[in-house]
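I have placed the structure first, in the form of structure tokens, so that the comments after it can refer back to it.
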Amino acid sequence: METKLEKLALVINKRDNVGTAKSQLDSGDKLIYNKGIIVVKEKIPFGYKFALKNIEIGDPIVKFGKKIGIATRHIKEGEMVHVHNISSYSIKGE
Amino acid sequence: MNKDIKINGFRRDDGKFGIRNHILVLPTVSCAFRVAEMIKEKAPFLTLINNQIPCSQMGANRLLSYNTLSNIGKHPNVFGVILIGVGCEGITARSLAEDIKKSGKKTEVVDIEDDGGSIKASEKGVRIAGKFYEDAEKFKKKTGYLSELTFGVECGANDTFSAFSANPAVGEFVDEFVNISGTVIISETLELLHAKRTISLRIKDKVEKEKFNKIINNLKKIARKEKVDFDDPMPLRGNKRGGISTIAEKSFSGILKAGKSEIKEVINFGNVPSKKGLIIMDTPVNDVLSLTGMAAGGSQIILFTTGLGSPVGSPVAPVIKIASNTPLYKKLSDNIDLDAGTVIDGTNTLSDVKDNIIEFILGTAEGTETKSEILRHVEFGIPMTGTTY
């Protein structure tokens, strides 16, 4: 069953490539977003981030419309985004 | 927000307006703490300042401690101060008392060596406390304006929800409050570091912009000297548990609590702002130290947003705890005053939460204790910036 993403997750800025789960999301959940469907690929705990689109290794992670880190692995749309697959850029960043 | 919102409080001799009438028992060195504690045991109405600085501080660190203790003593929420010294301490109770007296506050000194040891000194302290109590009771409330107050604004133990609920709601309050000529202090310099460009754009005054660059560069210097990667150990373990993945994410979330207004001044730890409006104070990110600094800066009330919960309070300024999510508000009901989590499920708007914050502030100002006051969470600390010999 498909649900509007806004019911289950939060996106702060339209440029963001990550959303934040308002409650735990489970593998297989389908979220309607931007005229497409995002299939959640794994359990996303309460408050954790997940990818709104495919992100290549080295690409910026965008939240608040700003770069908050870079992907250290390829991240598929619907996968969890956290310390295991992103890291800070250097403090020279901003 | 109406600029004419009135509150009742205590008009001090130096013109400042307080919303509490604390009688402090203040040891000026760690060795005097026990006697201060003994006095508080017999006079429980006192507010004990948990000051544990050693006597052997020197130079800039000693000045920092002196300045912080002096400003806490001069705070608008304070009626009077009973200072406890040993006789041999680095920052003497007598010299601090003389300084605090300049703001018009009642002060008395208890000196463990002069007054004949711990028991006699504590008996003297209790007698003094009794007299202060009678005088404090006679000090009647007068009418003042909400806009006269200074608010400290802090976030601690953040999670990802803070950015969607508590922080922007507080940010709305901050914008409205500085707009009616109120003063708000934000701090935690390391968190500002990663949003430094965004913040710098909000500082119009060139001198203040330069001060901001200086405090940021100072941190970078420390990072290089201590071989610390400020990206790496941050966010702290707690933040990671709350879903925050990088320090930049934490910083951009944190700065939301400061609204969008111009930043008027950049000041050092524990100093009182010389301008009205939104102020940056250079403090560590540790909540206890940050709150102590903002309290010394004259904050009558502190707003504290949290995602994972924090019990931390402050001795002279009531801390109002705002949860970023409803499960936290329910789980830590002992410690949390307000729930901003109603924004997450759509029951309230940010504006609704901001209105709730204002209502709660008015109640706090009139005398209703916050959870941290009820539990007597009175954490206090001054940064140790120098070597102790």
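The values are calculated or read from the model by the stated rules, or taken from the named source; none is laboratory data. All figures in this text were calculated on a predicted structure; none of them were measured in a lab. Because the Cβ atoms are built from the backbone with ideal geometry, glycine has one as well, and the counts that use them run over all protein chains shown. In case anyone asks, the SASA skips ligands and DNA or RNA and just uses the protein heavy atoms, side chains included. Shrake-Rupley method; radii C 1.70, N 1.55, O 1.52, S 1.80 Å.
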Discussion item. I'd like the full set of residues that are among the β-branched types (Val, Ile, Thr) and in a helix (DSSP H, G or I), limited to the stretch B:346-389.
Written reply: B:Val353, B:Ile357, B:Ile358, B:Ile361, B:Thr364, B:Ile374
Practice prompt. Go through (1) in a helix (DSSP H, G or I); (2) more than 8 Å from chain A (Cβ to nearest Cβ) and name the single condition B:Lys227 misses.
Written response: (1)
Worksheet, complete the sentence: Counting only residues in the stretch B:191-214 that are crowded, with 20+ Cβ neighbours inside 10 Å, of a type in the set (A, V, I, L, M, F, W, C) and in a helix (DSSP H, G or I), the one nearest to the other protein chains (Cβ to nearest Cβ) is identified as B:Leu193
Discussion item. I need the full set of residues from the stretch B:296-326 which are within 26 Å of B:Lys220 (Cα to Cα) and among the aliphatic types (A, V, I, L, M), in order please.
Written reply: B:Ala296
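Please go through the stretch A:66-84 and pick out each residue that is open to solvent by less than 30 Å² (accessible area, probe 1.4 Å) and either facing chain B (nearest Cβ under 9 Å) or modelled with pLDDT under 90 (or both). Break it down stepwise before answering.
Pass one, the stretch A:66-84, residues open to solvent by less than 30 Å² (accessible area, probe 1.4 Å): A:68-69, A:71, A:75, A:78, A:81-82.
Listed by number, the residues that qualify are A:Ile68, A:Gly69, A:Val81, A:His82.
Conditions (1) small (Gly, Ala, Ser); (2) outside any loop (DSSP other than H, G, I, E, B), marked per residue:
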{"position": "B:Gly15", "(1), (2)": "yes, no"}
{"position": "B:Arg20", "(1), (2)": "no, no"}
{"position": "B:Lys40", "(1), (2)": "no, yes"}
{"position": "B:Pro76", "(1), (2)": "no, no"}
{"position": "B:Asp99", "(1), (2)": "no, yes"}
Worksheet item: Among (1) open to solvent by less than 10 Å² (accessible area, probe 1.4 Å); (2) modelled with pLDDT under 95, where does B:Arg241 come up short?
Response: (1)
Worksheet item: more than 9 Å from chain A (Cβ to nearest Cβ), in contact with a Lys or Arg (Cβ under 7 Å, 6 or more places away or on another chain) and open to solvent by less than 10 Å² (accessible area, probe 1.4 Å) - does that describe any residue in the stretch B:251-260?
Response: no
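Within the stretch B:118-137, is even one residue part of a loop (DSSP other than H, G, I, E, B) and either of a type in the set (Val, Ile, Thr) or without any contact (Cβ under 8 Å) to a residue 40 or more places away in the chain (or both)?
Residues of the stretch B:118-137 part of a loop (DSSP other than H, G, I, E, B): none.
No, there is no match, as no residue in the stretch B:118-137 is part of a loop (DSSP other than H, G, I, E, B) and either of a type in the set (Val, Ile, Thr) or without any contact (Cβ under 8 Å) to a residue 40 or more places away in the chain (or both).
For the stretch A:20-53, which residues satisfy the criterion of being closer than 19 Å to B:Thr326 by Cα, of a type outside the set (Ser, Thr, Tyr) and part of a strand (DSSP E or B)?
First, pick out the residues of the stretch A:20-53 that are closer than 19 Å to B:Thr326 by Cα: A:20-25, A:44-49.
Checking the rest, the ones that are also of a type outside the set (Ser, Thr, Tyr) come to A:21-22, A:24-25, A:44-47, A:49.
The answer is A:Ala21, A:Leu25, A:Ile44, A:Lys49.
Those residues that are more than 10 Å from chain B (Cβ to nearest Cβ) and farther than 19 Å from A:Glu2 by Cα, I need them from the stretch A:37-59; list them, please.
A:Asn54, A:Ile55, A:Glu56, A:Ile57, A:Gly58, A:Asp59
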Discussion item. Just the residues that are open to solvent by 10 Å² or more (accessible area, probe 1.4 Å) and in contact with a Phe, Trp or Tyr (Cβ under 7 Å, 6 or more places away or on another chain), please, taken from the stretch B:261-282.
Written reply: B:Asp282
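Yes or no: B:Thr68 β-branched (Val, Ile, Thr) and either within 18 Å of B:Ser95 (Cβ to Cβ) or open to solvent by 30 Å² or more (accessible area, probe 1.4 Å) (or both)?
Values: β-branched (Val, Ile, Thr): yes; either within 18 Å of B:Ser95 (Cβ to Cβ) or open to solvent by 30 Å² or more (accessible area, probe 1.4 Å) (or both): yes.
Yes; evaluated as a whole, the condition is true for this residue.
Okay, residues lined up against (1) among the charged types (D, E, K, R); (2) within 17 Å of B:Leu64 (Cα to Cα):
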| position | (1), (2) |
| --- | --- |
| B:Leu193 | no, no |
| B:Arg197 | yes, no |
| B:Lys206 | yes, no |
| B:Glu210 | yes, no |
| B:Asn218 | no, yes |
| B:Ser251 | no, no |
| B:Pro284 | no, yes |
| B:Thr292 | no, yes |
| B:Ala296 | no, yes |
